[in-house]
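Below is one structure, written out as structure tokens; comments come after it.
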Amino acid sequence: MDNDAHRSVSLRASRRPDRSNYAFEIKGVDGSDKLSTDQPIKIIWKRGFVRLLLVGGILWMLLILAVLLFHIWTCQTSIVFLSVICNKDSQVFQMLHTMGLVTPPHRCSIPLASDPEKVVIPEKKSPSKFVQSLSYFEEEDANTNGSQSSPLFGGHQSWEQREDSFKLKSSMKVHCGFIKNGGAEMSHKDMEYVKKCKFVVASGIFDGYDTPHQPSNVSPRSKKLFCFLMVVDEISLSFIKTNVSVRDEEWVGIWRLILLKNPPYDEPRRNGKVPKILTHRLFPQALYSIWIDGKMELIVDPLLLLERYLWRGKYAFAIAQHKHHKNIYEEADSNKRRKRYARPLIDRHMKIYRYEGLEPWTPLKQTRSDVPEGAIIIREHTPLTNLFSCLWFNEVNLFTPRDQLSFGFVVYRLKGNFKFFMFPNCEYNSIFILHPHTREHSSKIEWVKSLNEFKGNNSGLKESRGGLGLWSPYPADLNSVTLPPVARTSKAG
């Protein structure tokens, strides 16, 4: 028993390391006998530093996550105090919205100035960049008119002229509607009246689809400063006189009725684009204009709108972001599903844009979206904004009357030189009250599913004065063009 115990102690002793050898092994490199006592401390310090970095990184990520969650909460809450904290113009909000983590509210408060009487109107016009002089074709070119018996309102713009119009120069001459004897004429009395209008709120009603809605919350200063002009065709004028009280044959409340004789297009929706997009041509003396669709009731003082969307950020053009779509190809797909125009013609329209290099919208683009809500447009009439309006209208004249499909394309073709303010959709919905149309619009062309339906006895479905670019030979082969795939993620349509 004693021998076994002695043997066990001996084995444990033999397993112990030789401290003298260990001490020798960790001697300094210089051969000194000094022990390296600081080696374990260095190892512990390095391990502690790594752990500190890891803990700090985790805490920093948790802090960022907490801030993002708080941002999401403030943007989604119904508590007024907290919702004010949410900056819907920030890149963070746009990133979260793109990721689907936040849904913008239908309406939100607009950061307006407190008193329209105290708004300072700029004394000078905004400096004109890129374009200093802009003029327009006003008569048909005999070389392009061909056998056309009567002039067209939009003219016969060739593909070469269209391409050249996107190249910015100091002095430019472009097509911009109002070709002589092409339609949309104003009476001499109305032309004299609008000459005095420097600040304009404009709206329009065509084919009797709406009745004028009186703006509210308009300050005494704005009533003196602005002309409220309601552009109508003869059908709408007759409808308004029958259903609404009209004063002196030309006034409905604050609205001064402006009659456009001889509608330039077969399609009422296309006729409505004339005052909407070419406001600067109808009212050439105007310095500023606010367009609002005829189905809307303006509930914000117009001077406050100019201060908020133009002067505060030093912009010359402002328009709202579309509620559902940022990608033009998604908007086109929605238009087809909702039967807003002939499906094969929308496809041809989009193939032309795809061939000319328009990519689907991504967050990497410089613009917030390629698709606007076009029912409200706020403009200063500078040469560049006037040019943009002309180019935008030319696309609507050449292709489909769906102006939302053309806006982002014109921005793309101007290569980032046209700066504008695309404000949040929730602010857009706080500018007006929406009223229903007096009746629903429908035309046979909206139900066309194939180009074969335009042949034979149905050839009359073709518009005779608009959308001619969809039928004239395009200088390239579009058969090989494939439209980008579309993810139907929105409820629209």
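The values are calculated or read from the model by the stated rules, or taken from the named source; none is laboratory data. Because the structure is predicted, anything quoted here is derived from the model rather than measured. Neighbour counts run over all protein chains shown; Cβ positions are idealised from the backbone, glycine included. For the accessible areas, the whole protein counts, side chains as well, though only heavy atoms, and no ligand, DNA or RNA atoms are used. Shrake-Rupley method; radii C 1.70, N 1.55, O 1.52, S 1.80 Å.
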Query - Within segment 227-298, GluC sites (Glu not before Pro) in DSSP loop having at most 10 other beta-carbon neighbours inside 10 Å - result: E249
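With a 1.4 Å probe and every protein chain kept in, tell me what percent of the accessible surface of segment 353-493 is carbon plus sulfur. Don't skip to the end; give the middle numbers.
Numbers: 3340 of 6330 Å².
Of all accessible area on segment 353-493, carbon and sulfur atoms account for 53 percent.
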Query raised in the report: Roughly speaking, what is the stretch gain from N417 to W159, that is 0.36 nm per residue apart minus the C-alpha to C-alpha distance, in nm to one decimal?
Result: 90.7 nm
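With the contact rule set at Cα under 8 Å and sequence spacing of 6 or more, what percent relative contact order holds for segment 356-432? Walk me through the numbers on the way to the answer.
Numbers: 39 pairs, mean separation 29.1, N = 77.
It comes to 38 percent, rounded to a whole number.
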Query raised in the report: Taking the C-alpha atoms of segment 289-420, how large are the radius of gyration and the largest Cα-Cα span, Dmax, in Å?
Result: 15.0, 43
Query raised in the report: For a label point 7 angstrom out from the Cα of K339 toward its Cβ, which stretches of segment 439-462 have the backbone nitrogen within less than 13 Å?
Result: 440-449
Report summary line: By the Cα gyration tensor axes a ≥ b ≥ c (a/c under 1.5 gives rounded; else a/b larger than b/c gives prolate, otherwise oblate), the shape of segment 361-412 is oblate
Requested in this report: Any of K276/K314; K169/K198; K195/K273; K180/K241; K326/K365 with alpha carbons more than 18 Å apart? Name them for me.
Outcome: K276/K314; K169/K198; K195/K273; K180/K241
Report summary line: Counting only DSSP beta bridges fully inside segment 228-379, the antiparallel percentage to nearest 5 is 75 percent
Query - Loop-located chymotrypsin sites (Phe, Trp or Tyr not before Pro) in segment 444-486, at most 14 other Cβ atoms within 10 Å (DSSP) - result: W471
Query raised in the report: Given charges of +1 on the Cβ of Lys and Arg and -1 on the Cβ of Asp and Glu, with all other atoms neutral, how large is the dipole of segment 252-337 about its Cα centre, in debye to the nearest 20?
Result: 120 debye
Query - Under 17 Å from the R247 label point (7 Å along Cα→beta-carbon), backbone N, segment 197-228 - result: 212-228
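Before I look further, what does segment 285-389 give for accessible area per residue, probe 1.4 Å, in whole square angstrom?
Working: 3080 Å² over 105 residues.
I get 29 Å² per residue for this part.
Over segment 137-217, what relative contact order in percent results from Cα pairs under 8 Å that are six or more residues apart? Please list the in-between numbers first.
Details: 59 pairs, mean separation 25.1, N = 81.
Computed over segment 137-217, the figure is 31 percent.
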Report summary line: One finds the C-alpha centres of segment 110-133 and segment 357-387 to be spaced, in Å, by 19 Å
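May I ask what percent, to the nearest 5, of DSSP beta bridges between residues of segment 134-266 are antiparallel? Walk me through the numbers on the way to the answer.
Values: 4 of 18 bridges.
That works out to approximately 20 percent antiparallel.
Restricting to segment 311-425, compute how many DSSP beta bridges are antiparallel as a %, nearest 5. Walk me through the numbers before you get to the answer.
On the way: 5 of 8 bridges.
Among the beta bridges of segment 311-425, antiparallel pairing accounts for roughly 60 percent.
Please identify every one of the GluC sites (Glu not before Pro) in segment 401-493 that sits in a loop by DSSP and has no more than 14 other beta carbons within 10 Å of its own beta carbon.
Details: sites: E427, E440, E446, E453, E463; in loops: E440, E463.
Loop-located and lightly packed - E440.
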Query raised in the report: How would you classify segment 317-373 from its alpha-carbon gyration tensor, with a ≥ b ≥ c the square roots of the eigenvalues: rounded for a/c under 1.5, else prolate if a/b is greater than b/c, otherwise oblate?
Result: oblate
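Could you calculate the contour length gain from H441 to N458, that is, 0.36 nm times the residue separation minus the distance between their Cα atoms, to one decimal place in nm?
Values: separation 17, 0.36 × 17 = 6.12 nm, distance 2.02 nm.
Taking H441 through N458 to full extension adds about 4.1 nm, to one decimal.
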Query - Where a label projected 7 Å from the Cα of K125 along Cα→Cβ would reach, residues of segment 281-310 with amide N under 12 Å - result: 284-288
